[in-house]
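Engineer: Handing you this structure, nothing more for now.
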């Protein structure tokens, strides 16, 4: 019989530091919270479980999260709340309007410097990443999203990247 404690999402979220698969230095949760508190993120994701996980990770470090279930909802939210978001986390494959087309439309109004858009997707081939960049996304995160990679990406695009060189 093992004395190992089962690791669940709840257990991981509660830890101050997490191991990463990349072997890079870990983020100190209090420093991440200090750096990210108050930022507003539009999360565009059609799967409720993914929304719940991302929301919990982001809100745990003080990020304000607004969710849209597809690209069409994202465009509506951006129209109603123009200028209210610091960054967009964009799924690629969604009903009604996918992340690629939603990004193309958003780029007609906001430049990549004004509004970073990060692909969050299970599409992880190099050609998938390049397609994301070609349509105007700033970066790419693979699902399932690792907490430290998400924080690194947010810090990179919201704070100029001073502490995130290993998370690209």
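Every read-out reported here was derived from the displayed coordinates using simple, explicitly stated rules and does not represent laboratory data. Just so you know, these numbers come straight off a predicted model, no measurement behind them. Cβ coordinates were reconstructed from backbone atoms using ideal geometry, including for glycine residues, and neighbour counts include every protein chain displayed.
Engineer: Ranked by Cβ crowding within 10 angstrom, fewest neighbours first, how are 110, 157 ordered? Intermediate values should be presented prior to the final figure.
Structural biologist: Values: 110 17, 157 21.
Fewest to most other Cβ atoms nearby, the residues stand as 110, 157.
Engineer: For 93, 140, 131, what's the fewest-to-most ordering of other Cβ within 10 Å of each Cβ? The partial results should precede the final answer.
Structural biologist: Values: 93 13, 140 21, 131 16.
Least to most surrounded, the residues fall as 93, 131, 140.
Engineer: Here is a follow-up. Compute the Cα gyration tensor for the stretch 50-168, then decide on rounded, prolate or oblate, letting a ≥ b ≥ c be the square roots of its eigenvalues: rounded whenever a/c is under 1.5, prolate when a/b is larger than b/c in the other cases, and oblate in all that remain. Mind showing how you got there, number by number?
Structural biologist: Values: a/c = 1.30, a/b = 1.17, b/c = 1.11.
It comes out rounded by the Cα gyration axes.
Engineer: Additional query: Give the peptides 40-52, 74-86 in descending order of average Cβ contacts within 10 Å, highest first.
Structural biologist: Details: 40-52: 18.4, 74-86: 15.4.
The densest-packed peptide leads the list: 40-52, 74-86.
Engineer: Given Cα pairs under 8 Å that are at least 6 residues apart, what percent is the relative contact order of the stretch 28-159? Provide the component values of the computation, followed by the final result.
Structural biologist: On the way: 205 pairs, mean separation 29.0, N = 132.
That works out to 22 percent.
Engineer: With a 10 Å Cβ neighbour count serving as the proxy for reagent exposure, in which order, fewest first, do 129, 34, 156 appear? Provide the component values of the computation, followed by the final result.
Structural biologist: Values: 129 17, 34 11, 156 20.
Listed from fewest to most nearby Cβ atoms, that is 34, 129, 156.
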